[in-house]
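Let me begin by presenting the structure, written as structure tokens, before commenting on it.
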Amino acid sequence: MSVRPNITLLGSTGSIGQNTLDVLSRHDSHRVFALTACSDHERMREQCAMWQPEYAVMVDPDAARRLEASLTTVAPRTRVLSGQDALLRVAVDPAVDSVMAAIVGAAGLPATLAAARHGKKVLLANKEALIMAGPLFMAAVRDCGAVLLPIDSEHNAVFQCLPDNNRLPGRIEPSREVRRIVLTASGGPFLDLPAEQLPAVTVAEACRHPNWSMGQKISVDSATMMNKGLELIEACYLFALPPHQVDVLIHPQSTVHSLVEYCDGSMLAQLGSPDMRVPIAHALAWPGRQPSGADFLDLVRAGDLQFREPDPVQFPCLRLGREAARAGPAAIIRLNAANEVAVEAFLAGAIGFMEIPAIIESVLHGPESAADDPVRELEDVLAIDRLARAQARELSGIAGRS
């Protein structure tokens, strides 16, 4: 009888974490070693009762105390830890084989990078690990023997369409066979909204994605198309391609998740239902496959598949993402930091929707951007990130918040 691999879920109470547990519940393939979250102790209690992990980590100490008190009858053997250091502990524990990196934002970077440096199988749903520390992260994957599997539906689709001898991110060499990759974008909730109406859109409207069910931050990124700017940068790191070989097309149906175009004129596409359980199941079972629980794609009912170029006036964040990709790691860190702060300010009602790209552009092209900041260590990344966040908070009027 084979021993089931242990998995740690970083961000188990979020959308990706919940979908991962749903896929795991359909198979006896993994043992849940640790679950982590920021402050949602009530959902964590439910997850611990079902999965009986060795560890449950709450970043918020008060939430950890509440969770510990609530587990005495439902999961008495689960040890409750708190704080950022605890995230690292359960990501690098020698008993852990795989880590699902699903914490949203910069908070997930240290633990995800640590997992790569300890040679884990990293299922990467946390964009910021690559956006903030791409060169460091990919070097860790390559030098420490980690296995990196992308969870974003677009990058997972590209991964599935690459040739067998050119597959694992971190070990991919630039290929003469691949002419370009094409990431698809739904266009979000404001695809056909006149540009002059965008300044007045509300938080509720921005979070109402037409095809996918996601958290607030990711939903706003989709509405601005910053998610595609970030995914373009991720693709360059994952698949060893320069920015000019990564394109983005609007595809409102969200049926084709990405495409790879080859030098002979062939184009391979990965299609499927817009359900994150599909890439999650693929990564969990790789190099095999397993049922995900998602609906199967009905090509007849899917109807026409439409594609169009993104409108640069409607979606300035996509342009900013490409500019940062060309400029290099320090610019990419500033882009991501400014976006996180601007989206936070929008969700809090402090700024309007179209102030998001304006703040990002100001930080990206401000006087501090003239310096070619070195990015050699994680401390360099965090220093650039802190400065950019402070600038973005000043511009958004939330400078007094942490």
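Sort Cys317, Cys236, Cys38 by heavy-atom solvent-accessible area, probe 1.4 angstrom, most to least.
Descending order: Cys38, Cys236, Cys317.
From the protein chains alone at 1.4 Å, what is the descending order of accessible area for Val74, Val122, largest first? Numbers along the way, then the final one.
On the way: Val74 40, Val122 0 Å².
Largest accessible area first, the residues go Val74, Val122.
In whole Å, what three semi-axes, largest first, describe the equivalent ellipsoid of the stretch 46-137 built from its Cα gyration tensor (square root of 5 times each eigenvalue)?
After diagonalising the Cα gyration tensor, the semi-axes are 26, 14, 10 Å.
With an 8 Å cut-off on Cα pairs and a minimum separation of 6 or more residues, tell me the relative contact order of the chain in percent.
14 percent
Indicate, rounded to the nearest 5 percent, the antiparallel portion of the DSSP beta bridges found entirely in the chain.
25 percent
Mind telling me which of Met226, Met138, Met267 comes out most flexible in a GNM of the chain, alpha-carbon contacts under 10 Å?
Met267
Most mobile of Asp60, Asp380, Asp28 per a Gaussian network model of the chain (Cα springs, under 10 Å)?
Checking each option, the largest mean-square fluctuation is seen for Asp28.
What relative contact order, as a whole-number percentage, does the stretch 150-220 give when Cα pairs under 8 Å and 6 or more residues apart are counted?
For the stretch 150-220, the relative contact order is 22 percent.
Would you calculate, for the chain, the mean residue ellipticity at 222 nm contributed by helices, counting each DSSP H stretch of 4 or more residues as -39,500 (n - 2.57) and dividing by all residues, to the nearest 500?
Roughly -13500 deg cm²/dmol at 222 nm, from the helical runs in the chain.
Please work out the Cα convex hull volume for the stretch 302-402 and give it in Å³ per residue.
144 Å³
Can you give me the Kirkwood hydrodynamic radius for the stretch 206-297, using every pair of distinct Cα atoms, in Å to one decimal?
15.0 Å
Under 37 °C and 0.692 mPa s, how fast does the stretch 93-205 diffuse according to Stokes-Einstein, given a Kirkwood radius computed over C-alpha pairs? Answer in µm²/s, whole number.
Result for D is 204 µm²/s.
Go ahead and set up a Gaussian network model of the chain, Cα springs under 10 Å, then flag whichever of Gln270, Gln306, Gln84 fluctuates most.
The residue that fluctuates most here is Gln306.
Where nothing but the Cβ of Lys and Arg (+1) and of Asp and Glu (-1) is charged, how large is the charge dipole of the stretch 49-111 around its Cα centre, in debye to the nearest 20?
140 debye
Please identify the chymotrypsin sites (Phe, Trp or Tyr not before Pro) of the stretch 296-402 that satisfy two criteria: DSSP loop assignment and at most 15 other Cβ atoms within 10 Å. Which are they?
On the way: sites: Phe296, Phe307, Phe346, Phe353; in loops: Phe296, Phe307, Phe353.
Within the stretch 296-402, the qualifying chymotrypsin sites (Phe, Trp or Tyr not before Pro) (loop, at most 15 other Cβ atoms within 10 Å) are Phe296, Phe307.
Placing +1 on the Cβ of each Lys and Arg and -1 on the Cβ of each Asp and Glu in the stretch 56-108, which of Ala63, Leu87, Ala101 has its Cα farthest towards the positive end of the resulting dipole?
Checking the options against the dipole of the stretch 56-108, the answer is Ala63.
Magnitude of the Cβ-charge dipole of the stretch 321-389, K/R +1 and D/E -1, about the Cα centre, nearest 20 debye?
Charge dipole of the stretch 321-389: 160 debye, to the nearest 20.
Give the relative contact order (percent, whole number) for the stretch 1-128; include only Cα pairs under 8 Å separated by 6+ residues.
So the answer I get is 26 percent.
The values are calculated or read from the model by the stated rules, or taken from the named source; none is laboratory data. Since the model is a prediction, treat every value here as computed from it, not as a measurement. Neighbour counts are summed over all protein chains in view; Cβ atoms, including those assigned to glycine, are modelled from backbone coordinates with ideal geometry. Remember, those area values only see protein heavy atoms, side chains included, never the ligands or the DNA or RNA. Shrake-Rupley method; radii C 1.70, N 1.55, O 1.52, S 1.80 Å.
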